[in-house]
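A.B. asks: Structure below; questions to follow.
The values are calculated or read from the model by the stated rules, or taken from the named source; none is laboratory data. Computed from a predicted model, the values in this text were never measured in an experiment. Positions of Cβ are generated from backbone atoms using ideal geometry, with glycine treated the same way; all protein chains shown enter the neighbour counts. Each accessible area value is taken on the protein alone, full model and side chains, heavy atoms only, with ligands, DNA and RNA left out. Shrake-Rupley method; radii C 1.70, N 1.55, O 1.52, S 1.80 Å.
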Amino acid sequence: MSQKRKKVMVSVEKKLEAIRRLDKGEIIRKVADDYGVGETTVGDWRRNRSELEQFRIISGNAMTSRKTMKPAEYDKIDKGLFLWFTQQREKGLPVSGTILQGKALMIAKQFPDESETFTASVGWLDRWKKRHGIRQLNICGEKMSANEGELKKFKEEFEKIVEKEGYSRDQIYNCDETGLNFRMMPSKTLASREKAAAPGYKKNNKRVTILACSNASGTHKLPLMCIGKSAKPRAIKHIKPEALPVYYAHQKSAWMSCDLFQKWFFNQFVPLVERFLEEKGLSRKAILLLDNAPSHPNESTLRSGNIIVKFFPPNVTSIGQPMDQGVLETFKRHYRRYLLQKILEKCTAGSTLKECLLEINMKSVIYWSAQAWDAVRSLTLERSW
């Protein structure tokens, strides 16, 4: 007696993919075997092709991960909420789960046939997000207030300067600062269904400022600048400054200042760029693009012969500055990986999380930051431009 085949649920996307394979001439038996279904089932997919394609058009590509075309229990509310959600996100408005639940209840009032039993529960919201392929994202600070017209104008002017002066991508640089909460643990955790809450520790907001700089070709990454509060942190007091993998500076609030930036420009940026250009056989000229932060001195101050700076116009750096296009975020992800890896090693050896966090000192931060910066690929830097 032949064994009954286990039921396999295939998504709408995969069904359409199988149909396209049949169109290219593949035999139905091979396609059926690859998807773990019977030949008759694949034949049914092909016969229902128009319905599958219509479902994709109406529901959008995010819905093709669904395994059936059965409408949602509260179909009118479901579609109405998705339409409203799409409109709000196009405007750049933040939308949370609580807001969605409230709006769903408002929409439900328009459909008496569905509203009687509808409660906009957390379970319903989770299923709604899964149906429409919606996930949680962090809001990207200033992008919606950025001035795209000014950025376009700046790009046109900058391209003229590059063409006139003959700058290559090796001679065009960008730098930016970011705060690094060096002991910050993840704010979310996975837990079993039996757990009603996830106890944790108080957030540790201790911070340093990191300045990252590279050229447009991604061939020259300058060592990071790390700004802490202490002039001589105990953990690195026996290490000579020039032996550190970063350029360490200090300031009472651990933020960048005009004085610190000016010192970095003349003591780090200019000498290292000069050496790089000489090794590459390029003329001694370069341009550094900066945002218009108050901690950056003016253009006339930041000049060393043909090594100059140029500022982005206001309200464009979030969409125009290369370091803000995923580079600093990538650096922080690598840093977090080193942090969590060390904590896991310590916890495995018997230390508590609190003890692990207290052991993280300035030496750890400096060396992990340098490793994280080294891990940022040249391709990532190049694509950010």
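A.B. asks: Is at least one residue of segment 202-216 touching a helix residue (DSSP H, G or I) at 6+ places or on another chain (Cβ under 7 Å), part of a loop (DSSP other than H, G, I, E, B), at pLDDT 90 or above and open to solvent by less than 30 Å² (accessible area, probe 1.4 Å)?
C.D. replies: Yes: one or more hits.
A.B. asks: What's the number of the only condition in (1) β-branched (Val, Ile, Thr); (2) assigned to a loop (DSSP other than H, G, I, E, B); (3) more than 26 Å from Ile172 (Cβ to Cβ) that Thr301 fails to meet?
C.D. replies: (3)
A.B. asks: State yes or no: is Arg193 open to solvent by less than 40 Å² (accessible area, probe 1.4 Å) and at pLDDT below 90?
C.D. replies: Criteria not met by Arg193.
A.B. asks: Are any of the residues in segment 306-324 among the β-branched types (Val, Ile, Thr) and open to solvent by 30 Å² or more (accessible area, probe 1.4 Å)?
C.D. replies: Among the residues of segment 306-324, at least one is among the β-branched types (Val, Ile, Thr) and open to solvent by 30 Å² or more (accessible area, probe 1.4 Å), which makes the answer yes.
A.B. asks: Taking only segment 330-381 into account, find how many residues are in a helix (DSSP H, G or I) and either touching a strand residue (DSSP E or B) at 6+ places or on another chain (Cβ under 9 Å) or open to solvent by less than 20 Å² (accessible area, probe 1.4 Å) (or both). Before the answer, list the steps.
C.D. replies: Taking segment 330-381 as the starting set, the residues that turn out to be in a helix (DSSP H, G or I) are 330-348, 353-359, 362-375, 378-381.
Subset that is either touching a strand residue (DSSP E or B) at 6+ places or on another chain (Cβ under 9 Å) or open to solvent by less than 20 Å² (accessible area, probe 1.4 Å) (or both): 331-332, 335, 339, 343, 356, 362, 365-366, 369-370, 372-374, 378, 381.
The qualifying residues number 16.
A.B. asks: Moving on to the next point. Of the residues Ala286, Ala293, which single one is farther than 24 Å from Lys363 by Cα, open to solvent by less than 20 Å² (accessible area, probe 1.4 Å) and among the small types (Gly, Ala, Ser)?
C.D. replies: Answer to the check: Ala286.
A.B. asks: If you don't mind, another one. In this structure, does Met256 turn out to be part of a loop (DSSP other than H, G, I, E, B) and either open to solvent by less than 60 Å² (accessible area, probe 1.4 Å) or touching a Pro at 6+ places or on another chain (Cβ under 7 Å) (or both)?
C.D. replies: The answer is yes for Met256.
A.B. asks: Right, next: For the structure I just gave you, tell me whether Leu224 is in contact with a Phe, Trp or Tyr (Cβ under 7 Å, 6 or more places away or on another chain) and in contact (Cβ under 8 Å) with a residue 40 or more places away in the chain.
C.D. replies: Yes; evaluated as a whole, the condition is true for this residue.
A.B. asks: Separate question: For segment 231-246: of the residues being open to solvent by 50 Å² or more (accessible area, probe 1.4 Å) and not acidic (Asp, Glu), which is farthest from Phe269 (Cα to Cα)?
C.D. replies: Across segment 231-246, the extreme among qualifying residues is Arg234.
A.B. asks: So in segment 63-94, with the set limited to residues that are assigned to a loop (DSSP other than H, G, I, E, B) and at pLDDT 75 or above, which one is least open to solvent (accessible area, probe 1.4 Å)?
C.D. replies: Result: Tyr74.
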